[in-house]
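In what follows, a single structure is set out as structure tokens and then discussed.
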Amino acid sequence: MREPTGAPPPGANPYIPVPFRVSGRRRETADTVTLRLRSPSGDGLPFEPGQFMMLYVFGVGEVPVSASGAPRRAGILEHTVRAVGPVTRRLVALRRGDWVGVRGPFGRGWPLALAEGFDVLIVAGGLGLAPLRSALLQILAQRDRYRQVTVLYGARSPADLLYRLDLSRWQQRPDLELRVTVDRADERWRGQIGVVPALIAQVERHFEPARTVALVCGPEVMMRFTVRELQKRGVPDDLIYLSLERNMKCALGLCGHCQFGPAFICKDGPVMPFSRLAPFSEIREL
Amino acid sequence: MSGHTPAEILASHPFTADLSEEDRAQLARLARLAVYDPDDYLLREGQPATAFYLIVEGLVSIELFIPGHGPRPLQTVEGGSAVGWSWMLAPSRWEFDARALERTTAVVLDGERLRDLFIEDCCLGLRVVHRLLFVVAERLKAARLQLLDLYGPPREL
């Protein structure tokens, strides 16, 4: 029943980025790429799924990005980045051989040790699949530790689906139930159309609510409706984990930019149980 | 499922499973089993709405045909849910198309006989309409969330 800790990252000075070189770049969608970063020294920044790094484009700025690759690969990081502003646009434009600064890992990750012996229900919306991919890769590497594993993934359109190769591989695994839906599509799409919380009703028989750990990441409205669907079916609030996104700056719980009620998302999150978030979840503009 | 009778399917279908055996037997008398191949239409916009579909297996696309653009899928319905409520509402014409995306099995209930049954047995009518209202509310909620375009790019802070 061990949870990932929010321990400060290793290294003498957590404000100083470690240089990593871009060793691979995979375009996911029109505005999103997955960067593979390699440490020239071969040393870690070992992370736990759900934790995030601060990625620094030299001379431009720094943004928090969740780790999306398999953990425990010494010296290799994967981050999926969508171009939405000046820093992320530069990150998306990086090419093999370019340098990027990395600080981290920061925060608390997904409770994968807690979930051992439980059904695992992963609910992802849009780019929210990125931190959950990291968790799923670890779960699949230790598949016998978990009961039924179900993944529900919603995207804006078929063109916005991330990790297509992974999705196709996961679809074929007999030990994984995967459902994918999109909000809109044309007539060439043969899959589901609708929002991801609605998929929960379809997979009810795949999880036992009281013995289910739900891992949820996506836009906050999507998470809100997902939590309601899970609660309706009896999944306890302390077994529903959400990954929150806020304005992380120092990533060390000092600057206060990412404060959410009494918590700092960078340090106490980004992954938190809904039981802890519930008292603040109805406060608007928080 | 093709080897089962409508009565047997109604006993396990989420829409009807918790109705009494007697209620289900009344519904089964108005029901037939239908199988649709991919791209078969269950129902088409503008045509008389004469049936209520309980989807057993498969996937159905609710869509609208836009001249010059072709069919525009709006939502899909999986096995375990229901399609079509226009049979309850005058003038009982379908407002959208419903097309099978996969091989789909449905229990098809006769709309006119259902309406008559509901007049005869108002309690059964209320129980079925209550379930249908749940389906309509879920479909409406999903449509509202779809309108929000939740996965659009966020603002970088």
Whole-angstrom Cα spans of segment A:88-238 along principal axes, big to small: 47, 41, 30
Compute from the Cα atoms of chain B the Rg and the Dmax, the latter being the longest Cα-Cα distance, and quote both in angstrom. 16.9, 62
Based on Cβ point charges of +1 for Lys and Arg and -1 for Asp and Glu, what charge dipole magnitude is obtained for segment A:119-281 about its Cα centre, in debye rounded to the nearest 20? 140
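Give me the net charge of A:Glu177's neighbourhood, meaning all other residues with Cβ under 11 Å from the Cβ of A:Glu177; Lys, Arg count +1, Asp, Glu -1.
+1
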7 Å from Cα along Cα→Cβ at both B:Ser12 and A:Asp43: what's the point-to-point distance in nm? 6.0
Kindly point out which whole DSSP H helices in chain B project their C-alpha atoms 24 angstrom or further along the helix axis while averaging a Kyte-Doolittle hydropathy of -1.0 or above. B:122-147
Give the percent of DSSP beta bridges with both residues in the protein assembly as shown that are antiparallel, rounded to the nearest 5. 70
Taking the square root of 5λ for each eigenvalue of the C-alpha gyration tensor of the protein assembly as shown, the equivalent ellipsoid has semi-axes, largest first and in whole angstrom, of 46, 22, 19
Alpha carbon centroid spacing (whole Å) that separates segment A:13-79 from segment B:83-131: 54
Counting helices only, and only those DSSP H runs with n ≥ 4, report the 222 nm mean residue ellipticity of chain A as the sum of -39,500 (n - 2.57) divided by its residues, in deg cm²/dmol to the nearest 500. -5500 deg cm²/dmol
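Nearest 20 debye, what's the magnitude of the dipole of segment A:18-106 about its Cα centre given +1 on Lys and Arg Cβ and -1 on Asp and Glu Cβ?
It works out to roughly 320 debye.
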So for chain A, taking the charge dipole from beta-carbon charges (+1 Lys/Arg, -1 Asp/Glu), which of A:Ser41, A:Gln138, A:His206 sits furthest toward the positive end? A:Ser41
May I ask you to derive the FRET efficiency for B:Ala90 and A:Asp238 from their Cβ-Cβ distance with R0 = 56 Å, giving the value to the nearest 0.05? 0.65
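From the Cα gyration tensor of segment A:97-169, with a ≥ b ≥ c the square roots of its eigenvalues, which class applies: rounded if a/c is under 1.5, or else prolate if a/b is larger than b/c, or else oblate?
oblate
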Sort A:Asp268, A:Asp186, A:Asp98 so that the residue with the fewest other Cβ atoms within 10 Å of its own Cβ comes first and the one with the most comes last. A:Asp186, A:Asp98, A:Asp268
What net charge do the residues around B:Leu43 carry, taking every other residue with its C-beta under 13 Å from that of B:Leu43, with Lys and Arg at +1 and Asp and Glu at -1? -2
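Under the rule of -39500 (n - 2.57) per DSSP H run of 4 or more residues, summed and divided by the residues of chain B, what mean residue ellipticity at 222 nm is obtained, to the nearest 500 deg cm²/dmol?
It comes out at -10000 deg cm²/dmol, rounded to the nearest 500.
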Say the dipole of the protein assembly as shown comes from +1 at the beta carbon of Lys and Arg and -1 at that of Asp and Glu; which of A:Ala30, A:Val120, A:Thr88 then lies farthest toward its positive end? A:Thr88
Assign one of three labels to segment A:18-106, namely rounded, prolate or oblate, based on the Cα gyration tensor with a ≥ b ≥ c the square roots of its eigenvalues; rounded applies when a/c is under 1.5, prolate when it is not and a/b is larger than b/c, and oblate otherwise. rounded
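With only Lys, Arg, Asp and Glu charged, each at its Cβ (+1 for the first two, -1 for the last two), find how big the charge dipole of the protein assembly as shown is about the Cα centre; round to the nearest 20 debye. Provide the component values of the computation, followed by the final result.
Numbers: 55 positive and 51 negative charges, 402 e Å.
That gives a dipole near 1940 debye.
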Neighbour-count ranking [beta-carbon atoms within 10 angstrom, fewest first] of A:Cys258, B:Cys122: B:Cys122, A:Cys258
How are the alpha carbon pair distances in segment B:17-90 distributed across 10 Å bins from zero to the largest one, expressed in percent? 15, 45, 30, 8, 2
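For B:His130, B:His13, A:His79, which order do you get if you count the other beta carbons within 10 Å of each Cβ and list the fewest first?
The order, fewest Cβ neighbours first, is B:His130, B:His13, A:His79.
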What full-extension length gain, to one decimal in nm, is calculated for B:Arg113 and B:Glu57 as 0.36 nm per residue of separation minus the Cα-Cα distance? 17.7 nm
Return the whole-Å distance between the Cα centroid of segment B:43-59 and the Cα centroid of segment A:112-182. 33
Give the shape of segment A:9-158 as rounded, prolate or oblate, defined through the alpha-carbon gyration tensor: a ≥ b ≥ c are the square roots of its eigenvalues, a/c under 1.5 means rounded, and otherwise the shape is prolate if a/b is larger than b/c and oblate if not. oblate
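Rule-based calculations on the coordinates, nothing more; no lab input. Nothing here was measured: the structure is a model prediction, and the numbers come from that model. Methodologically, a virtual Cβ is constructed for each residue, glycine included, from the backbone with ideal geometry; neighbour enumeration extends over all protein chains shown.
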